[in-house]
Amino acid sequence: MYPNSTTYLVLHQELRYCFYTGPPDNGGQDTVREYTFNLPTDLPGTPHAVAAWTFVNSVGAREFYALCGDIAVIGPAGALTGKAVTIVNYGSNTVLIPEFLGNYDTGISYYTTNTTNVTVVGEGFGGYLG
């Protein structure tokens, strides 16, 4: 989330089996502990943004989780428009995804059909916070 924004811009989306190498019921192993992805080259610079990893757990009650961290983005001033984060299972105003029951496609359509866009604007940042 950039300063003066009201929601997050999706930079990477990982659906199904977040910690698994594949379907757990088909031999997938719980060994994935990191992801590598490229940030957009036109991501605007800002000294203050919040990065978030959001997810809905697949075991137990469906709950929406968000892990966040303060970050700085080095780059020129600008704006970037893209998909807004999909929020589910977070109170009565959001979609409720039911128990997966081994079907990891349950609720995926809410993520793949979300066409809500958001624009983030960064003032530019050269890399020194002093």
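Each residue of region 61-78 in turn: what ³J(HN,Hα) in whole Hz from Karplus with 6.51, -1.76, 1.60 and θ = phi - 60°, glycine and Pro shown as x?
Those phi angles translate into 5, 5, 10, 8, 10, 9, 10, 10, x, 6, 9, 10, 10, 7, x, x, 5, x Hz.
Tell me the accessible surface of residue 17 in square angstrom (1.4 angstrom probe, heavy atoms of protein chains only), to the nearest ten.
Using a 1.4 Å probe on the heavy atoms, I get roughly 60 Å².
May I ask you to derive the relative contact order of the chain, considering only C-alpha pairs under 8 Å and at least 6 residues apart, and to give it as an integer percent?
31 percent
Tell me the per residue accessible area of the chain using a 1.4 Å probe; a whole number in Å² is fine.
Per-residue accessible area for the chain comes out at 65 Å².
Dipole size in debye (nearest 20) for the chain around its Cα centre, Lys and Arg Cβ +1, Asp and Glu Cβ -1?
In total the dipole reaches around 140 debye.
Amide H neighbours of residue 125 under 5 Å, counting only residues 5+ apart in sequence or on other chains, H built in-plane at 1.01 Å?
45, 46, 75, 77
Below 14 angstrom from the Cβ of residue 17, what's the summed charge of the other residues (Lys, Arg +1; Asp, Glu -1)?
Combined, the nearby Lys, Arg, Asp and Glu give -2.
Which value, to two decimals, describes the C-alpha radius of gyration of the chain once divided by 2.2 N^0.38 Å?
Against the compact-globule rule of thumb, the ratio is 1.19.
The values are calculated or read from the model by the stated rules, or taken from the named source; none is laboratory data. Just so it is clear, the model here is predicted, and its values are computed rather than measured. Cβ coordinates were reconstructed from backbone atoms using ideal geometry, including for glycine residues, and neighbour counts include every protein chain displayed. Just so you know, the surface numbers come from the protein's heavy atoms only, side chains and all, with ligands and any DNA or RNA stripped out. Shrake-Rupley method; radii C 1.70, N 1.55, O 1.52, S 1.80 Å.
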